[in-house]
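Report on the following structure.
What follows is calculated from the coordinates using simple rules that are stated; it is not laboratory data. Quick caveat: nothing in here was measured; it's all calculated off a predicted structure. All Cβ positions, even for glycine, are placed from backbone atoms using ideal geometry, and neighbour counts span all protein chains on display.
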Amino acid sequence: MAVITYSQAINQALVEEMERDDRVILYGEDVAIGIFGATGGLRERYGGDRVFNTPISEPLIVGSAVGAAMMGLRPVAELQFADFIFTAGDEVFLKAGMWRFMHGGAYTLPLVVRAPSGGAGFGPEHSACPEAYIMHSPGLLCAVPSTPADAKGLLKQAIRLDNPVIFFEHKSLYGTRGEVPDGEYVVPFGKAVVRREGDAVTIVAWQNMLRRVLAAADRLAADGIEAEVIDPRTLNPFDRETIIESVKKTGACVVVEEGYRTLGVGAEIAATLMEHAFPYLDKPMRRLAIPDVPIATARHFVDRIVPTEDEIYREVKALVG
Amino acid sequence: MAVITYSQAINQALVEEMERDDRVILYGEDVAIGIFGATGGLRERYGGDRVFNTPISEPLIVGSAVGAAMMGLRPVAELQFADFIFTAGDEVFLKAGMWRFMHGGAYTLPLVVRAPSGGAGFGPEHSACPEAYIMHSPGLLCAVPSTPADAKGLLKQAIRLDNPVIFFEHKSLYGTRGEVPDGEYVVPFGKAVVRREGDAVTIVAWQNMLRRVLAAADRLAADGIEAEVIDPRTLNPFDRETIIESVKKTGACVVVEEGYRTLGVGAEIAATLMEHAFPYLDKPMRRLAIPDVPIATARHFVDRIVPTEDEIYREVKALVG
Amino acid sequence: MTQLLRDAYRYAVLSRKFEDRIIHMGMAGEIPPTLHPGAGHEVCQTAALAALGPDDKVLYSHRGVAYMIARGTPLTAILADIANKEGGTNRGKGGVMHVVDVPHGVLGESGTLGGGLVVCAGVAMALKRFGKGQVVAHFFGDGGSNRGTFHESLNFSAVQRLPAIFFCENNGWAVSVPTSESTSVPDIASRAHGYGIPGVVVDGNDAFAVFDAMTTAVARARNGDGPTLIEAKVVRLAGHYIGDPQLYRPDRDLAAQKDPLPGFAEALIEAGILERADLETIDAEAQAEVERAVAVVAAAPLLDPALALQDLYA
Amino acid sequence: MTQLLRDAYRYAVLSRKFEDRIIHMGMAGEIPPTLHPGAGHEVCQTAALAALGPDDKVLYSHRGVAYMIARGTPLTAILADIANKEGGTNRGKGGVMHVVDVPHGVLGESGTLGGGLVVCAGVAMALKRFGKGQVVAHFFGDGGSNRGTFHESLNFSAVQRLPAIFFCENNGWAVSVPTSESTSVPDIASRAHGYGIPGVVVDGNDAFAVFDAMTTAVARARNGDGPTLIEAKVVRLAGHYIGDPQLYRPDRDLAAQKDPLPGFAEALIEAGILERADLETIDAEAQAEVERAVAVVAAAPLLDPALALQDLYA
Ligand SMILES: Cc1ncc(C[n+]2csc(CCOP(=O)(O)OP(=O)(O)O)c2C)c(N)n1
Ligand SMILES: Cc1ncc(C[n+]2csc(CCOP(=O)(O)OP(=O)(O)O)c2C)c(N)n1
Ligand SMILES: [Mg+2]
Ligand SMILES: [Mg+2]
């Protein structure tokens, strides 16, 4: 198995799918160079008809993907920052999310919107992890890959799906490395993966928080606390079963996320556990998330509000230690 | 106390605040006539400088409110349908929500965005109750008045607050009547009200669902089940305490809402009860909401997906009966 | 052209009679009163659509049902969509706002005005890539033209030389707001200048002029020369919605307004395309077709509400 | 005007020297490298701002810090914002992107490009209502001008005759995308035609021309005649961000590009506004001011991270 970066994995997924299917096209601001490295070289390889830069027109970027997908292309559109799902709010939530439904399923909408999320130092409008907004919205599938292997496999799958996918690529992960399987593979939507087995507590986390959780879990293990760590991989569809089964075993759960706390993904997990694992919960579920403020520019402020390895360690320890 | 409609109550609030403070201005599409009746007569009364129609330009409507508020006006902007918070997504979530914060609190943003929500027969892009999106978003206060008295008192308060308020007016309520206090009053943000006392179960609901819940509660009472019904009135700030205290008494909770189920407001209440009332919960909290589909145009479809009085009755009965 | 404009007239008459019936049923509570009447716009709409070929695509606006009629969608399907009956095109999801008929190139509508403009750019992007010379026409109102999506779509389509026709039906009103109160120039077509594309103003009551302007734009698009913005000045004969009292409207006295339909008939007769006697036949056939459709839909069952949960995901 | 342009030159020099220092510290890791260098734009920016009065308002874009300097914001405040130190203007929330200085009329920036355009319309709405003859100028790039908010803001401002100046700095690039690849017309100012407002193209390297165009626009706005769109053709001498290798850029060879700053100096000398000897003084004073600011900020404490939770609600 080759070891490559998250960014290279995305590039590979794009290359493989563009090779396989010439209906796949790729566009967005600066995609010809790829400001986070993921789309570099593709315009040279596939030509300006299939890979092109757009004006700074987010509604156009997403809305035209809906139009192109309706006609049978398989557009992969890029929003330069995930926060711009609001700049293209009508097109993301009302067009991509509802166009097929409101036309009675008359066609399919095989489109992907790639959206780099997270990171520190970019300021309030360029740093969010807005996946909870997408998870709340009917009609939009949502991927949150945490590893190069998943980034590649989920993106290939997203391109092949006949439904709109909002594909969050975490900016802090682009440079991270990991093994990717040799040869052709896809990762299915709606299947969580257990990143670490344990029986003391279930921790749900993805993307950059997953890395911190795994580091914290090692420290907890040294203290004799074996955490089971679940990476949902996609938030719609959302693999509730894997979480429920784990909590039935561990009796405790902590959700760690980089979104805003109120109505973050953790809230849905809390409700799900209420509904499906209530008798098994030995203690109330806890949430670690951003305390309902925008993400300031100063990097040392970001560490103050985004859950750190230390906080995760302390919080879990306090719960089950 | 006079009995007036919800729509008249809103009109009264606007009149009173425009009389009191000439920094208050009102604008949006068709506000000169007021397509839902709430703003009729105001242009005649206060002139086209303070009350004016705008082009169909939602980003401009909300974005200019931010600019005007920065300078010291107190704009009340109208989005003709609440769903259009996405059409003005950047301006609602990133400008109104974050502009003060990212400029270090250099000024206040006393603006109100009125947004008619809900209703049946308007189709997927004109029917939503998107309050959960706002509740998840830092920087945006959120009002969901259920009665004419609250519509008036909360709107007057919203206009006086120095923070951006998204003010949801439910379309099915515009024609409903209720008593409003005589004379000057405001309703504070962040104070829930107990609409009905009981000890068997706590039901949380607002706006059109509140009416159905109260009707169902009467039927439940006839069966000997006394439900305590809580109307939060605002979702940010959100009066968690009143709900927690009630659940400590009743031991059971049902949330009924007109938003999408996954990550609807009910999810936050579930997480809150986990965190603050876990030992008091005799049974898991339940959610009644729209089953994660857009709201179709056919009215009889809407009844299929929006919780009905009957469903509420049955669900609560199944839980605590 | 002769046959095309004759058909356009037939469609316009059919649409008028059909909508009159829909309005009547809507006011009587027999069906939901969800139509935005197209009266006054039909001549313009059907004449414009006459310039498209069968493989071309259409994204329409909310102003009436002449668009779909002119493309060949059966009246029964449209009425069933309004009445939430079986036999419609969108299975209760979108009503008359979202009639869709892919085989006839009727692609649908954005319920948020201006939302169709960006979708249209994407459709055009695909048509260009397919290389079969197909074009897409998007109809929208003067009100909708003030959305930011107008700017983004025209700029992008011009840069990419997309085969799109942006067709603005300027009726002087957006619900209760006169265009002069919302729009800083008298001619929306003058905005084309800023995109380096042709901007054409036509009298929307003159079917021949509309057809000509559209034919030129279609040829340009097919030829790979890019988009055109056409603005047709039309009159909204009715209210914004069924039952709109139009108190805001100084010119609401219908009698004082000029219905373009009789003028279209006269022009066709003058051009020798129709005989005067044809008019009655066309009227009678249209009325009969409307009644047949009403009867068929009256007999159709209401849609199963379980459908409310379907058609979201493929 | 003499004094105004002399000051504009001083500000441009100060900004250049200050940014060079910021870039240097950013590359060395002493401060976050968050600046989008303004090199090449400063002459245009400071000359344009020279036409505003002290009570006027400014919404700027991300391209450098000359805007704030020209308005009178202390260098220490700007640098503290970059360095996340005490003494800045936005207390760690917005860094250099959101420098704010209300007493000097520096109102801030939208991090989403084009977001400032609609905010600007609202500011202008308020200024008009206050009736004190104040105006607002909004600076934005060629890239940002393709946002739909451009359309909405220009149309609305024109309808309402708002006292706003929309100032587009066209440097031919949006990050790596040449304007010709994203924009369908060579002159963005030609889009003014579609709003019925003046659209003026100026050579942004010519401070006198920029000042004149801006002076006319300001007078028009103050007079209640509405907005103007000015497009200044400028050159981006540096990368998009600090450290941008600009591999995409055929003209990235800085040496081959013409820096407008020396030309501004020559023009001032020719006009008798400056003596050649003044240049050295101005340079030296600027350098000293930069060094003083760097020293002050170096000594300032980092902001308390508890501030991360503040300033959201009033
Ligand atoms: C984005 C958006 N804003 C507002 C509305 C509400 N609305 C529906 S039709 C209409 C007026 C449309 O005017 P115009 O585009 O001129 O078309 P006309 O009705 O005159 O044919 C408005 C404001 C909407 N559907 N979408
Ligand atoms: C809505 C939005 N889209 C994209 C970006 C990312 N971005 C920041 S600067 C920039 C290029 C801006 O180009 P231009 O407006 O010409 O200004 P310049 O950098 O050339 O001065 C881009 C794409 C953004 N901040 N906001
Ligand atoms: Mg109109
Ligand atoms: Mg530029």
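Couple of notes before you dig in:
- When the Cα positions of B:GLY72, B:VAL255, B:TYR6 are compared along the charge dipole of chain B, B:VAL255 comes out farthest toward the positive end, with charges on each C-beta of Lys, Arg, Asp and Glu.
- Choice from B:LYS156, B:LYS171, B:LYS283 with maximal GNM fluctuation in chain B (Cα, 10 Å cutoff): B:LYS283
- Shielding by other protein chains, C:26-38, mean Cβ within 10 Å: 1
- For region D:66-81, 3J(HN,Hα) computed residue by residue from phi via the Karplus equation (6.51, -1.76, 1.60; θ = phi - 60°) reads 4, 3, 5, 4, 5, 8, x, 5, x, 4, 4, 5, 5, 5, 4, 4 Hz, glycine and proline entered as x.
- In nanometers and ordered shortest first, the copy-to-copy spacing of the C:ARG276 label point, defined 7 Å from Cα toward Cβ, is 9.3.
- Nm distances between copies for C:TYR241, ranked from closest, using label points 7 Å along Cα→Cβ: 4.7
- Relative contact order of region B:2-180, taken over Cα pairs closer than 8 Å and 6 or more residues apart, is 28 percent.
- Anisotropy class of chain A from Cα gyration tensor, a/c 1.5 cut: prolate
- Computed magnitude of the charge dipole of region B:193-320 (debye, nearest 20; Cβ of K, R +1, Cβ of D, E -1): 240
- Close amide H pairs (under 5 Å, H built 1.01 Å from N) link A:ARG74 with A:VAL24, A:ILE25, residues at least 5 positions away or on another chain.
- Semi-axis lengths, largest first, of the ellipsoid equivalent to the protein assembly as shown are 44, 41, 31 Å, with √(5λ) applied to each eigenvalue of the Cα gyration tensor.
- For region B:165-304, convex hull volume per residue from C-alpha positions, Å³: 141
- Calculated from backbone phi, Karplus (6.51, -1.76, 1.60) coupling profile of region A:18-34 in Hz, x at Gly/Pro: 6, 5, 6, 9, 7, 7, 6, 10, 9, 7, x, 6, 6, 5, 4, 9, x
- If you bin all the Cα-Cα distances of chain D at 20 Å, starting from zero, the percentages per bin are 34, 60, 6.
- Farthest positive-ward along chain B dipole, Cα basis, beta-carbon charges - from B:GLY121, B:VAL320, B:GLN157: B:VAL320
- Qualifying GluC sites (Glu not before Pro) in region D:176-281, DSSP loop, other Cβ atoms within 10 Å at most 11: D:GLU275
- Net charge in the neighbourhood of D:CYS168 (other residues with Cβ under 9 Å of its Cβ; Lys, Arg +1, Asp, Glu -1) is -3.
- Length-normalised contact order for chain A - Cα pairs under 8 Å, 6+ apart - percent: 17
- When chain D is described by a simple charge dipole with +1 on each Lys and Arg Cβ and -1 on each Asp and Glu Cβ, the residue from D:TYR11, D:CYS168, D:GLY243 located farthest towards its positive end is D:CYS168.
- Model label sites at C:LYS258 and D:ARG276, defined 7 Å from Cα along the beta-carbon direction, differ in position by 7.4 nm.
- Per-residue 3J(HN,Hα) values for region A:124-131, derived from phi via the Karplus relation 6.51 cos²θ - 1.76 cosθ + 1.60 with θ = phi - 60°, read x, 9, 9, 10, 6, 10, x, 5 Hz in sequence order (x marks Gly and Pro).
- Between C:ASP55, C:ASP81, C:ASP251, the GNM of chain C built on Cα springs shorter than 10 angstrom shows C:ASP251 fluctuating the most.
- The helix-only estimate of mean residue ellipticity at 222 nm for the protein assembly as shown, built from DSSP H runs of length n ≥ 4 each weighted as -39500 (n - 2.57), is -12000 deg cm²/dmol after division by the residue total.
- Rotational relation C to D, axis-closest Cβ in chain C, residue and distance rounded to whole Å: C:GLY148, 1
- Within 10 Å of the Cβ of each residue in A:40-50, the mean number of Cβ atoms contributed by other protein chains is 1.
- Normalised by the number of residues in region C:2-302, the mean separation of alpha-carbon contacts (under 8 Å, six or more apart) gives a relative contact order of 23 percent.
- Rg/Rh ratio calculated on Cα atoms of region B:2-180 (Kirkwood radius): 0.94
- The mean count of C-beta atoms from other chains within 10 Å of the C-beta of residues in D:97-103, rounded to a whole number, is 5.
- Within the protein assembly as shown, percent of DSSP bridges classed antiparallel, to nearest 5: 20
- Greater than 26 Å apart at Cα, pairs in A:LYS249/B:LYS249; B:LYS171/C:LYS93; D:LYS93/D:LYS233; C:LYS57/C:LYS233; A:LYS249/A:LYS317: A:LYS249/B:LYS249; D:LYS93/D:LYS233
- Counting beta carbons within 10 Å around each of B:LYS152, B:LYS317 and listing the fewest first gives the order B:LYS317, B:LYS152.
- Summary for C:LYS258: label point 7 Å along Cα→Cβ; distances to the equivalent points in the other copies, ascending, 5.6 nm.
- Rounded to the nearest 20 debye, the dipole magnitude of region C:2-302 is 1040 debye, with +1 charges on Lys and Arg beta carbons, -1 on Asp and Glu beta carbons, and the Cα centre as origin.
- Cβ-placed point charges (K, R +1; D, E -1), dipole of region A:182-245 about Cα centre in debye, nearest 20: 320
- Simple spin-label estimate for C:ASP203 and B:GLU197 in nanometres, 7 Å along Cα-Cβ: 7.6
- Only beta bridges with both residues in chain D are counted; by DSSP, about 15 percent of them are antiparallel.
- For the rotational copies A and B, the chain A residue with its Cβ nearest the relating axis, together with that separation in Å, is A:GLY89, 1.
- Close amide H pairs (under 5 Å, H built 1.01 Å from N) link D:ALA137 with D:LYS57, D:VAL58, D:LEU59, D:ILE165, residues at least 5 positions away or on another chain.
- Database remark: amide H of B:THR202 closer than 5 angstrom to the amide H of B:GLU228, B:ALA252, B:CYS253, B:VAL254 (H placed geometrically; neighbours at sequence offset of 5 or more, or on other chains; Pro and chain starts carry no H).
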